[in-house]
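Here the structure comes first, spelled out in structure tokens, and everything after it is commentary.
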Amino acid sequence: MNNLQTNQSRAAECLLEIQRRDQDNRILKQNLVELLAADDFTPVYELADRIRHETVGDEVHIRAIIEFSNICARQCKYCGLNCNHQGIDYYQMTAEEILTTAERAIHAGYKTIVLQSGENPKLNKRWMGHVIKRIVDMGAVVTLSIGELSRQELEFYRECGAERYLLKHETADPEIYAYLHPCGTLEQRTGCLRSIRELGYETGSGFMIGLPGQTLETIAEDLILLKELGCKMAGIGPFIPHPDTELADEAAGSPELTKRAVALTRILIPDANLPVTTALGVVEKSGGQKSPDETAGADRAENAFACGANVVMKKVTPDEYKEAYEIYPAQLDKTNIEEDRKLLEQQILALGRIPV
Ligand code: SAH
């Protein structure tokens, strides 16, 4: 047997093993590491795509994301909204601006509105609750992504009608977590995620690929943690260095490794909603894969969707605020809620998938 065959049959064995239920986490971790490092990942992508087709079908959910405020009290080392940064042009959209944007998005066909912001401990709870209720009344599902909250706050927003919550654990390695987050611990983050789940939210977590100090073992632990937390959504994206942060000179995360992690998540949590992250689009764009013809977006989407993903997030944040929400540097096109949605639908259809 030549080397390639040995590798392939070992990959197949790992795959079979990770699909087995109640597997010892130590063995699972070793198998995940081997798969992440595989020379030929094709069989894993194929399996992930098949599982995606069989469990969540061919639909691609397009979610509208409104980045309603960049005010943040935290100091996450990778993030452009770190409160120690100078020169952030702070904004908070008014309730009316948020609701008008949501209404336009719903009218354009979006069924889920993701409300995202920095973590602002002074956020007015009644105001936020009111915004959630009004969007729910418009007939949309509300997903929150506003950082770590107390159990009482989470409970209140749940009662106001928010159904899903996104809070990435960022990294499952407690030491890397502590280094990157002077304001919190991994335990607090996972504690918050457990509350989110207990309160009946559809729970979303996720992590970055390419963080300083991260190894394939860390990524395997990230994948196992997603499963342990009972996540039904997982956002996995490459780290992108922001020039105004301490991590400015670090390398960006690998798009290939990101897609491998998405594929393995699909296998570990077959019915999960897995977005192709906007950060992935950023890396692939700057990686020179942009082609001038109309299908460029679809090509990128295909790269990203073929790994088991079934969700895409589209910014509908008004242009006047979009640039100030700079978590990582990205080339931003002007927002046209209706046109952007139509284009995405066409691109998804061109891939033989069903936009919803
Ligand atoms: N304040 C909210 C929303 C955070 S922003 C919260 O804490 O949950 C959404 C995500 O952007 C973060 O969870 C993080 O994974 C990602 N992010 C931040 N900076 C990044 C960077 N430099 N590169 C890639 N992703 C980044």
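The values are calculated or read from the model by the stated rules, or taken from the named source; none is laboratory data. Just so it is clear, the structure is predicted and the values come from calculations on it, not from any experiment. Because the Cβ atoms are built from the backbone with ideal geometry, glycine has one as well, and the counts that use them run over all protein chains shown.
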Considering only segment 233-271, how many residues are in contact with an Asp or Glu (Cβ under 9 Å, 6 or more places away or on another chain), among the charged types (D, E, K, R) and farther than 18 Å from Tyr45 by Cα? 1
Do we find a residue being outside any helix (DSSP H, G or I), surrounded by fewer than 21 Cβ atoms within 10 Å (Cβ to Cβ), near the ligand (Cβ under 9 Å from one of its atoms) and of a type in the set (Gly, Ala, Ser) anywhere in segment 252-266? yes
Since Ile327 meets every condition but one in (1) more than 20 Å from Leu166 (Cβ to Cβ); (2) modelled with pLDDT of 90 or more; (3) in a loop (DSSP other than H, G, I, E, B), which condition does it not meet? (1)
For segment 170-189, does any single residue satisfy the condition of being away from the ligand (no atom under 15 Å from the Cβ), in contact with a Gly (Cβ under 9 Å, 6 or more places away or on another chain) and of a type in the set (Asp, Glu)? yes
Whichever residue in segment 315-325 is under 20 Å from the mean Cα position of the chain (by Cα) and surrounded by 20 or more Cβ atoms within 10 Å (Cβ to Cβ) and, among such residues, is farthest from the ligand (Cβ to nearest atom): Val316
Quickly run through segment 199-248 and pick out the residues that are within 12 Å of the ligand (Cβ to nearest atom), of a type in the set (Ser, Thr, Tyr) and touching a helix residue (DSSP H, G or I) at 6+ places or on another chain (Cβ under 9 Å). Ser205
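What do you reckon, is Val60 more than 16 Å from the ligand (Cβ to nearest atom), touching a Leu at 6+ places or on another chain (Cβ under 9 Å) and part of a helix (DSSP H, G or I)?
Considered against the rule, which asks whether it is more than 16 Å from the ligand (Cβ to nearest atom), touching a Leu at 6+ places or on another chain (Cβ under 9 Å) and part of a helix (DSSP H, G or I), Val60 comes out as no.
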Which numbered condition in (1) within 10 Å of the ligand (Cβ to nearest atom); (2) among the aliphatic types (A, V, I, L, M); (3) under 23 Å from Pro270 (Cα atoms) is the only one that Ile196 fails? (1)
Being farther than 28 Å from Leu180 by Cβ and either within 21 Å of the chain's Cα centre (by Cα) or of a type in the set (Lys, Arg) (or both) narrows Tyr78, Tyr45 down to just Tyr45
Being surrounded by 17 or more Cβ atoms within 10 Å (Cβ to Cβ) and either basic (Lys, Arg) or at positive phi (or both) is the filter here, so list the residues in segment 226-247 that pass it. Lys232
